[in-house]
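Everything below concerns the one structure shown next.
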Amino acid sequence: MNQNLQKIIGFTLALALLSLPTACGTASSETSNAELYGPTVAALADDEAFAFVEIGAKNSVLLASSQLLDGGQTAAFCDVYYAADGEARKIGAIDDSETTAPLSCDASGIYAAGEQQVLRYEISEEGLLDLSEAVYIRYDDSGHEFYEKAAEGNTEQITEEEFLSFSEKAHKADPILFHYGASGS
């Protein structure tokens, strides 16, 4: 591809990135998503859709997925990119096999939910993907249900009401809508 065409495509992509809405919170960085993530989005495969989310980190977070649910705009799995130190890089993936609901987010993080668990991810101060909180339905040797919460390296038993409360928070969070290509559609 000639250099002029590459410049035109790059400029068009940058303009499109500026117009895409972010989900969940309020923009946290004075640097535009086009400046932070333009080359990363341009390098995504043709079948990868992307979304920007604001979850309390210094910069927006870029999510990319080639596995949209039912041909729509939501996903249960994605790669996570974050711009730190002037460079956007892949910092992990949200790809738990138990996730059955579309990913969602609020100002506190990204939620991945299934029938027996709810996970909440954050971006750490070091710019890393962190599973900050998780609740699970577990079963003892006799097949009786109990509930657990894992946070900050500690695991504790919780009540069914606490599990349901956290689950409800995830289901009330905004669904993350993914878009294809520079047009955002």
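Any read-out appearing in this document is the output of simple, stated calculations on the displayed coordinates, not a laboratory observation. Here the structure is a predicted model, which means the values were calculated and not measured. All Cβ positions, glycine included, derive from the backbone under ideal geometry; neighbour counts span all protein chains shown.
Using a simple spin-label model with pseudo-atoms 7 Å out from Cα toward Cβ, LEU164 and SER108 lie 1.8 nm apart. Charge tally for LEU177 (other residues, Cβ to Cβ under 14 Å; Lys, Arg +1; Asp, Glu -1): -3. Using every pair of distinct Cα positions in the range 134-185, the Kirkwood expression returns a hydrodynamic radius of 13.5 angstrom.
Run a plain Debye calculation on the range 31-177 (Cα atoms as equal point scatterers, no solvent) and give log10 I(q)/I(0) at q = 0.12, 0.16, 0.20 Å⁻¹, rounded to two decimals, same order as the q list. With one equal scatterer per Cα and no solvent, log10 I(q)/I(0) is -0.51, -0.85, -1.22. Among the GluC sites (Glu not before Pro) in the range 38-102, those located in a DSSP loop and surrounded by at most 16 other Cβ atoms within 10 Å of their own Cβ are GLU98. Sorting the segments 156-168, 139-151 by their mean number of nearby beta carbons within 10 angstrom, highest to lowest, gives 156-168, 139-151.
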